[in-house]
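Only one structure is covered here, and it is reproduced in the block below.
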Amino acid sequence: MLCRAALRCRGPTHGRSLFSRVRTTVSSHLKYVPASVTAQQHSRQWSNIPFMTMPLIRSHGKPFAHRSELKHAKRIVVKLGSAVVTRGDECGLALGRLASIVEQVSVLQNQGREMMIVTSGAVAFGKQRLRHEILLSQSVRQALHSGQNQLKDMQVPVLEARACAAAGQSGLMALYEAMFTQYSICAAQILVTNLDFHDEQKRRNLNGTLHELLRMNIVPIINTNDAVVPPPEPNSDLQGVISIKDNDSLAARLAVEMKADLIIVLSDVEGLFDSPPGSDDAKLIDIFYPGDQQSVTFGTKSRVGMGGMEAKVKAALWALQGGTSVVIANGTHPKISGHVITDIVEGKKVGTFFSEVKPAGPTVEQQAEMARAGGRNLATLKPEQRAEVIYQLADLLTDHRDEILAANRKDMEEAEDKGRLAPPLLKRLSLSTAKLNSLAIGLRQIAASSQDSVGRVIRKTRIAKELELEQVTVPIGVLLVIFESRPDCLPQVSALAIASGNGLLLKGGKEAANSNQTLYRLTQEALAIHGVKDAIQLVNTREEVEDLCRLNKLIDLIIPRGSSQLVRDIQKAAKGIPVMGHSEGICHVYVDSEASVEKVTRIVRDSKCEYPAACNAMETLLIHRDVLRTPLFDQIIDMLRVEQVKIHAGPKFASYLTFSPSEVKSLRTEYGDLECCIEVVDGVQDAIEHIHKYGSSHTDVIVTENEATAEYFLQHVDSACVFWNTSTRFSDGYRFGLGAEVGISTARIHARGPVGIEGLLTTKWLLRGENHVVSDFSEHGSMKYLHESVPIPQRTSS
């Protein structure tokens, strides 16, 4: 049936809160009219109202193979389980959750999608209303019988579910109507039973009604008619037909009947687990495939409702076979329920996604577990064995140079054909013989310096007699390195992970797919000489970066290598995982009044022009005001013009000029190209204040012949790298002698500046005793603390 009141479309009512308006609406009584009459009214009412549309055209047939395709879903069924719509006391509805769900459904509906809701909750709502009526009736009788105003404790009888459903259905629909009205969306109620799907005429009527409602941009609210529905018969499923035993099977049957693209089943658990949720080893299944039922142990069903996870899986698999994709997710978690539906439609990694397409390789979760186990094996190798792997990788880069360059040419050709990469990114993507030779040299440096990394004793203390404590270096665990456009990053980071004994997940950009795959295969070949291939994994699945950043139980540190926007996005998306890196590389060169003419032009040219796309390139040139209108200043400007550097004037610099270059929009700009800002400062203190206000704590340089001024600058500038009379471009792991770097960190915890092997290590404490207990060190105990520093013996490499 359709609800007449639910079809009235009103604009938002001002002056009262949403919940107060909802409560007012719920308390009113609704009248029901035949579907045919209401549908005619709809046609008249909506005939002149334009519908919002979007290009969501999809021929129904096969379900989506990957989460990323869910954004193309046009017709969506949202199933709300009893635990989602019911309060914790199981009496009444969770109004906040329902309001959030309605908002998300409205957002998708207004995008041009066709939304349908299969809802529970009538019994809970009815139970609340009937309890209230019974308590009120009992209190009146007691007052009349006793003549006293004071009420005694009263017992509420057990209420029959069908009566609760009958009493609650109208209020539930009124609630939905009030909520959808806030978004200028109409809703219509349809109550069904199992017989409605077995009777051909009723099926056609139901199908026609739903299609008409969707055509008119109305959200159907569907529920089983619990007031009259008979109990489900055991084993009553027909061939190719699922019986309507609960709202899970109803949603599946409805979705297939209506050729829906997606069902979102919301429950009180995160999704499908490989064992009952809450058990110690339970793991959320990201993607579930037909035939995987044997690997799952089902637990008990929800505290409310008729179904359970086993019923949900059965209904989901039936819908999947009928061509509809399914996601089972948590609709009750306060931190995610406010965006769970929209997140699923956007393709984010939420809940369990049912797919018929099983990937050939492992999932990213399995890859992370493999990297964890492989990294631990890697850490147990002798230092010379880890070095041997890195030396082997360096040799492979040289021996397979032609193969690597051929794969890179393919990437370059595809990037140039598509025209999506800016010139600086194309330069980063390009590999050459010179780059590969430099890579091999850097890897050999890493191998040589890795002999004394993992397991190095950095502190030794004698706590008491025969009780000695050591602090030793150990790997961080599993690293996730996300990099753009730079295939040379893969062997560099791999070598550093091998040297430090860390497991490694690599996620490269699609633009370098061929280069990355070739370099990864060579890395695996090098790791194989000591049987630790699992330690490094290249993520080739369709995982979004945001989804990877949520694997806080599997990943210990994220290191982004790419644009400032990428780093900012990762820092924002990381859920409980530390991110090491810098979001911006706003580097300064300060030209002091006592600077050497020859040094200034060479340093400024190299800092800006040698590789302008690098994060350690100069972006702002600070000039002492005494340098203005001098031959030194003229030489700087002439050099920048010859190098075709576009100049932007800072506010102070612009005030000195009659005709100035374009005034800078922001002094916090990272150009990443042949552009820079010039600003005037009054002296070294003014330069330091400017750097602290507008810089990014990356790399800052002073050019001066005054040693006292230089030392003042070096000591007072609070950046990861501070230089005197050198180019900013020296801020690099290879140039620092680290062999390579996983990135440059501007953070102040753990590692700072170019991060090599040392930055990928943490420590643990080893205490060796002889039957020691703390009570022996009490006031009246027999032992005394010594806390003596013990010399650390030097390790010798074999």
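Applying 1/(1 + (r/R0)^6) with R0 = 56 Å to the Cβ-Cβ distance of Asp402 and Asp626, what FRET efficiency is obtained, to the nearest 0.05? Working from the Cβ atoms, E equals 0.50.
With the biggest extent put first, the Cα atoms of region 313-432 measure 55, 46, 32 Å across the principal axes. Between the amide H of Phe273 and those of Ile285, distances stay under 5 Å, these residues lying 5 or more places away or on another chain, with hydrogens modeled in the peptide plane. Extending 7 Å from the Cα toward the beta-carbon at both Asn771 and Asp417 defines two label points whose distance is 7.7 nm. Note on region 655-798: semi-axes of the ellipsoid equivalent to its C-alpha gyration tensor, largest first and rounded to whole Å, are 49, 20, 16. For the peptides 698-704, 744-750, residues were scored by their other Cβ atoms within 10 Å and the scores averaged per peptide; the highest-first order is 698-704, 744-750.
Net length available on complete extension from Asn110 to Ala282 is 58.1 nm, with 0.36 nm assigned per residue and the Cα-Cα distance removed. Once backbone amide H atoms are built at 1.01 Å from N, Ser696 has Ile586 as its partners under 5 Å, excluding neighbours fewer than 5 places away on the same chain. Rounded to the nearest whole Hz, the Karplus-based 3J(HN,Hα) values (6.51 cos²θ - 1.76 cosθ + 1.60, θ = phi - 60°) of region 184-195 follow the sequence 6, 10, 8, 10, 9, 9, 9, 9, 9, 10, 4, 5, with x at glycine and proline. Over region 372-425, all Cα pairs binned in 10 Å intervals from 0 give whole-percent P(r) values of 20, 26, 24, 24, 7, listed from short to long.
With R₀ set to 45 Å, the beta-carbon distance separating Glu160 from Gln571 gives a calculated FRET efficiency near 0.25.
Within a straight-line Cα-Cα reach of under 23 Å, Lys652 can be paired with the following lysines, leaving aside sequence neighbours fewer than 8 residues apart in one chain: Lys608, Lys665, Lys693.
Less than 5 angstrom separates the built amide H of Arg561 from those of Ile482, Phe483, Glu484, all sequence-distant by 5 or more or on a different chain. Pairwise Cα distances in region 535-666 exceed 17 Å in 68 percent of cases. Any lysines with Cα under 25 Å of the Lys460 Cα? List them, leaving off those in the same chain fewer than 8 positions away. Within the straight-line limit of under 25 Å, Lys460 reaches these lysines: Lys382, Lys764, Lys784. Accessible-area rank, largest first, for His624, His333: His333, His624, with all protein chains present and a 1.4 angstrom probe.
Asp246 contributes an accessible area of around 20 Å² to the protein surface, as traced by a 1.4 Å probe with all chains present. Grab the other residues whose beta carbon is less than 10 angstrom from that of Leu766, score K and R as +1, D and E as -1, and report the net. Local charge sum for Leu766: +1. Ligands, DNA and RNA excluded, the heavy atoms of Leu628 present near 20 Å² of accessible surface to a 1.4 Å solvent probe.
Placing one equal scatterer on every Cα of region 503-568 and applying the Debye formula, the log10 ratio I(q)/I(0) at q = 0.13, 0.15 Å⁻¹ is -0.42, -0.56. Each of Glu346 and Leu195 was given a label point 7 Å from its Cα along the Cα-to-Cβ line. The distance between the two points is 4.6 nm. For the residue pairs Lys427/Lys599; Lys79/Lys572; Lys283/Lys312; Lys418/Lys646, the alpha carbons lie more than 21 Å apart in Lys427/Lys599; Lys79/Lys572; Lys418/Lys646.
Couplings 3J(HN,Hα) of region 463-470, computed from phi: 5, 7, 4, 6, 10, 10, 10, 10 Hz, in residue order, whole Hz [Karplus 6.51 cos²θ - 1.76 cosθ + 1.60, θ = phi - 60°; x for Gly and Pro]. Inter-part distance, region 365-438 to region 711-754, computed on C-alpha centroids, equals 25 Å. The label point for Arg668 and the one for Leu714, both projected 7 Å from the Cα toward the Cβ, are 3.0 nm apart.
In this calculation the C-beta distance from Tyr611 to His333 is compared with R0 = 41 Å, giving a FRET efficiency of 0.30. Our coupling estimate for region 68-74, obtained by passing each phi through the Karplus curve with A = 6.51, B = -1.76, C = 1.60 and θ = phi - 60°, is 4, 7, 5, 5, 8, 5, 9 Hz, Gly and Pro reported as x. Each of the peptides 400-407, 430-437 was scored by the mean count of other Cβ atoms within 10 Å over its residues; in descending order, highest first, they stand as 400-407, 430-437.
The values are calculated or read from the model by the stated rules, or taken from the named source; none is laboratory data. As the structure is a prediction and not an experimental result, all values here were calculated from the model. Cβ atoms come from the backbone with ideal geometry, glycine included; neighbour counts cover every protein chain shown. Surface accessibility is based on the protein's heavy atoms, side chains included, excluding ligands, DNA and RNA. Shrake-Rupley method; radii C 1.70, N 1.55, O 1.52, S 1.80 Å.
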